[in-house]
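Worksheet: the structure to be examined is printed underneath.
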Amino acid sequence: MTTRYAQIETLVHRFKPSHIVEVGVHRALRAVVMCAAALRHRRKVYYTGFDVFETMDSAFHEAALNGKGIATQRDADIRLSKLAACAYPAKLLHVFIVGDTRVTLHGDPVEADFAFIDGDHRVDVIRGDAAAIKAPVLVFDDYYRPGPDGRCPDLQRYGANAVVHELEAAGARVEILPAADLCKHGGLAHLALVERAPKGTA
């Protein structure tokens, strides 16, 4: 069965970004997929990844509803460095910004062509991440729908739903991608594609 993450490569081929921002690098599995796809269209690709890596304890991850475990910056760096070596003569340049995005990103905006937001799952943090990333294309993980038994996280506290709906109300085009995965909390997680309206348009 196709997981929701398999849809990311198709999106990168569609938008052909030269600068990718990811919030929630973890082991860089999605980073490698996105960058490899972008390199098929661009001679030079920039990747900026935001993650707490091993700087936060299990209590932080529990509060953030992060269920993938703690990953190391070293492992993520190795994966992207290997891709960069294989990409020659094209160039892949990557940098990690380590720490809680409420400190490292909010209030210090970054520009990109394409962003994948899959970090802290609390609504206020996701909202701040999206506001700080100046990109025409945002892809949110963890757009939740009820699972087979009707369970779903509290959408006022967790998930991208509220932020996605706010962006849609502000004029963005929204598409909830079809593939979904059943999460430990019982809800189904989808990816949400958000294309922001260009400046000066309705």
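The values are calculated or read from the model by the stated rules, or taken from the named source; none is laboratory data. Keep in mind that what you see is a predicted model, and the values were worked out from it rather than measured. When we count neighbours, we look across all protein chains shown, and the Cβ atoms used for this are built from the backbone with ideal geometry, even at glycine. Areas reflect the complete protein model, heavy atoms only, side chains present, ligands, DNA and RNA absent. Shrake-Rupley method; radii C 1.70, N 1.55, O 1.52, S 1.80 Å.
Things worth noting here:
- Consider the stretch 1-45 and keep the residues that are among the polar types (S, T, N, Q) and assigned to a helix (DSSP H, G or I). The one that is most open to solvent (accessible area, probe 1.4 Å) is 10.
- Residue within the stretch 68-83 that is under 18 Å from residue 139 (Cα atoms) and open to solvent by less than 50 Å² (accessible area, probe 1.4 Å) present: no
- Any chance residue 153 is in a loop (DSSP other than H, G, I, E, B) and either touching a His at 6+ places or on another chain (Cβ under 7 Å) or charged (D, E, K, R) (or both): yes
- Residue match in the stretch 138-155 (condition: open to solvent by 30 Å² or more (accessible area, probe 1.4 Å), closer than 28 Å to residue 56 by Cβ, in contact with a helix residue (DSSP H, G or I) (Cβ under 6 Å, 6 or more places away or on another chain) and at pLDDT 95 or above): yes
- If the condition is being open to solvent by less than 50 Å² (accessible area, probe 1.4 Å) and of a type in the set (D, E, K, R), then the stretch 96-121 contributes 100, 118, 120.
- Residue count, the stretch 173-190 (criterion: out of contact with any helix residue (DSSP H, G or I) (no Cβ under 7 Å at 6 or more places or on another chain), in a strand (DSSP E or B) and open to solvent by less than 30 Å² (accessible area, probe 1.4 Å)): 0
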